[in-house]
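**Student:** Below are the structure tokens for one structure; questions will follow.
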Amino acid sequence: MNFLGMSGMQYSGDSLGDARVVVCEDSNVFTKMIAQNFKENFDIDVEICRSFEELQQAYELNENPITLAITNINLPGAENGETLNYLVDLSVPIVVFTGTLKEEAREGLLAKEIVDYIIKDNVFAVDMLAESVCRFLTNQRHHVLIVDDSPTARALLTTRLKRFNFRTSVAESGAKAIEILKSSPDIGLVITDYNMPDVDGFELTRRIRAVRGSHELRVIGVSSSDNRHLSARFLKAGGNDFMLRPFIDEEFYCRVNQNLDTLVQIAEANARIKGNKRRAS
């Protein structure tokens, strides 16, 4: 299966048809578009629930867990957002697909720790939805290392990344991070704090770059400091990105995606080059 998202993300791999994706939407137009798109791109046969009652039945009468729910904010029988609360209570990952979204409503959605939201206000809405779903279903292939001496900060980042279906490891120090990287070569992204007692974020990044380049491992530096020079120092040390705490969830996820997309694109390009060389020889 090959899929190219609108932002340039790429996926090459097996069918995603094992995923159980439920679409909570009463619009015939959008349900048909979503069903066709997902079948063609991912070999997924989505389950359509056109009312809150149908969603309840889909959950209660099928013992297989729902991998991901795509839902409008309001459904027949749940005109006041009950669908979202129902899915949240069941710990089902959610992508909201809605016609309008005011700022106060957006804040409320993000507080529910949804995976993503897509506004269906343009002709590319279903394509954007397909990319969001593909990301969630394939994020398990990405292994992210979180490095921070604060247990609270490590826990918050771990929760945030697991919500998006990433595999995670944690290190409480730069020295421990080096150990984990040596034993886990599949780690593709390191998110590291700057201020740590043994090996700070700059030194950790330099040590990483001594053995692994940006083409195979990305590094994002983070800090709560208001020192505007930190970002430049991280980048000069070999980092790929930098973020200040507290994070805005959407920006955090976009930056993580962009860095991992770069790795995928480099790998795809290298695979094409090797394939061309084999054919030419």
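Every number here is computed from the coordinates shown, using simple stated rules; none is lab data. Given the structure is predicted, the values throughout are model-derived calculations rather than measurements. Don't worry about glycine lacking a Cβ; one is built from the backbone with ideal geometry, like all the others, and counts go over all protein chains shown.
**Student:** Defining a contact as two alpha carbons under 8 Å apart and six or more residues distant in sequence, what relative contact order in percent does segment 16-147 show?
**Tutor:** Values: 185 pairs, mean separation 28.9, N = 132.
RCO, segment 16-147: 22 percent.
**Student:** Compare the Cα positions of V21, Y11, L75 along the charge dipole of the chain (+1 at Cβ of Lys, Arg; -1 at Cβ of Asp, Glu; about the Cα centre) and return the one farthest towards the positive end.
**Tutor:** So the residue furthest toward the plus end is Y11.
**Student:** Continuing with the same structure: Under the rule of at least 5 residues apart or a separate chain, name every residue whose amide H is placed under 5 Å from the amide H of Y117.
**Tutor:** V96
**Student:** Same structure, new question: Among C254, C49, C24, what is the fewest-to-most ranking by other Cβ atoms within 10 Å?
**Tutor:** On the way: C254 12, C49 24, C24 29.
Fewest-to-most Cβ neighbours within 10 Å comes out as C254, C49, C24.
**Student:** Suppose the chain between Q140 and E268 were pulled fully straight at 0.36 nm per residue; how much longer would it get relative to their current alpha carbon spacing?
**Tutor:** Details: separation 128, 0.36 × 128 = 46.08 nm, distance 1.81 nm.
Contour length minus Cα-Cα distance gives 44.3 nm.
**Student:** What does the charge count near Y86 come to, summing +1 for each Lys or Arg and -1 for each Asp or Glu among other residues with Cβ under 13 Å from its Cβ?
**Tutor:** Value of the local net charge: -4.
**Student:** Shifting gears a bit: Quick one: in segment 2-138, what % of C-alpha pairs are over 27 Å apart?
**Tutor:** Details: 1281 of 9316 pairs.
Taking all Cα-Cα pairs of segment 2-138, the fraction more than 27 Å apart is 14 percent.
**Student:** In the chain, with Lys and Arg counted as +1 and Asp and Glu as -1 at Cβ, which of these residues, F38, V190, N165, has the Cα nearest the positive end of the dipole, that is, farthest along it?
**Tutor:** The one lying farthest along the dipole's positive direction is V190.
**Student:** Same structure again: DSSP beta bridges in segment 2-138, what fraction antiparallel, as a percent rounded to 5? Walk me through the intermediate numbers first.
**Tutor:** Numbers: 4 of 18 bridges.
Bridges in segment 2-138 are about 20 percent antiparallel.
**Student:** Further question: Would you order E104, E54, E25 from fewest to most other beta-carbon atoms within 10 Å of each residue's own beta-carbon?
**Tutor:** Values: E104 7, E54 18, E25 22.
Listed from fewest to most nearby Cβ atoms, that is E104, E54, E25.
**Student:** If we count other beta carbons within 10 Å of each Cβ, what is the order of H229, H215, H142, fewest first? Don't skip to the end; give the middle numbers.
**Tutor:** Values: H229 8, H215 12, H142 23.
The fewest-first ordering by Cβ neighbours comes to H229, H215, H142.
**Student:** Related question: Can you give me the distance in nm between label points at T100 and S51, each placed 7 Å from the Cα along the Cα-to-Cβ direction?
**Tutor:** Placing both labels 7 Å beyond Cα along the Cβ direction yields 2.5 nm.
**Student:** Sum -39500 (n - 2.57) across every DSSP H segment of at least 4 residues in the chain, then divide by the residue count to get the 222 nm mean residue ellipticity, nearest 500.
**Tutor:** Working: 10 runs with 127 residues, N = 281.
Counting only the DSSP helices, I get -14000 deg cm²/dmol.
**Student:** If one computes the Cα centroid of segment 126-155 and of segment 39-61, what distance in Å separates the two points?
**Tutor:** Segment 126-155 and segment 39-61 have Cα centres spaced 24 Å from each other.
**Student:** Using Cα positions and a limit of under 19 Å, work out the aspartates and glutamates in reach of K182, with same-chain residues fewer than 8 apart set aside.
**Tutor:** Counting by Cα, and skipping residues close in sequence, K182 has these aspartates and glutamates nearby: D148, E172, D198, D200, E203, E216.
**Student:** So how strong a dipole does segment 1-135 carry about its Cα centre when Lys and Arg Cβ are +1 and Asp and Glu Cβ are -1, to the nearest 20 debye? Walk me through the numbers on the way to the answer.
**Tutor:** Values: 9 positive and 23 negative charges, 64 e Å.
Magnitude of the dipole: close to 300 debye.
**Student:** While we're looking at this one, here's another question. Based on Cβ point charges of +1 for Lys and Arg and -1 for Asp and Glu, what charge dipole magnitude is obtained for segment 157-281 about its Cα centre, in debye rounded to the nearest 20?
**Tutor:** Details: 21 positive and 15 negative charges, 146 e Å.
Here segment 157-281 has a charge dipole of around 700 debye.
**Student:** Here's something else I'd like to know. Note the listed values (i) 17.3, 53; (ii) 20.6, 64; (iii) 18.6, 59, then indicate which one is Rg and Dmax of the Cα atoms in Å calculated from this particular structure.
**Tutor:** (ii)
**Student:** With +1 assigned to the C-beta of every Lys and Arg and -1 to the C-beta of every Asp and Glu, and no other charges, what is the dipole magnitude of the chain about the Cα centre in debye, to the nearest 20? Walk me through the numbers on the way to the answer.
**Tutor:** Values: 32 positive and 40 negative charges, 366 e Å.
I would put it at about 1760 debye.
**Student:** To the nearest 0.05, what FRET efficiency results for R278 and V88 with a Förster distance of 35 Å applied to their C-beta separation? Spell out each step's value before the answer.
**Tutor:** On the way: r = 50 Å, r/R0 = 1.42.
Calculated value: 0.10.
**Student:** If you take every residue apart from N41 with its C-beta less than 10 Å away from the C-beta of N41, what net charge results, scoring Lys and Arg +1 and Asp and Glu -1? Kindly include the intermediate steps, with their values, before the conclusion.
**Tutor:** Values: positive: K39; negative: E40, D43, D127, E131.
Residues close to N41 contribute a combined charge of -3.
**Student:** Sticking with this structure for a sec: For the chain, calculate the relative contact order in percent as a whole number, restricting contacts to Cα pairs under 8 Å that are 6 or more residues apart.
**Tutor:** Numbers: 435 pairs, mean separation 33.6, N = 281.
Computed value for the chain: 12 percent relative contact order.
**Student:** In addition: Below 13 angstrom from the Cβ of F252, what's the summed charge of the other residues (Lys, Arg +1; Asp, Glu -1)?
**Tutor:** Working: positive: R160, R163, R245, R255; negative: E113, D116, D241, D249, E250, E251.
The answer is -2.
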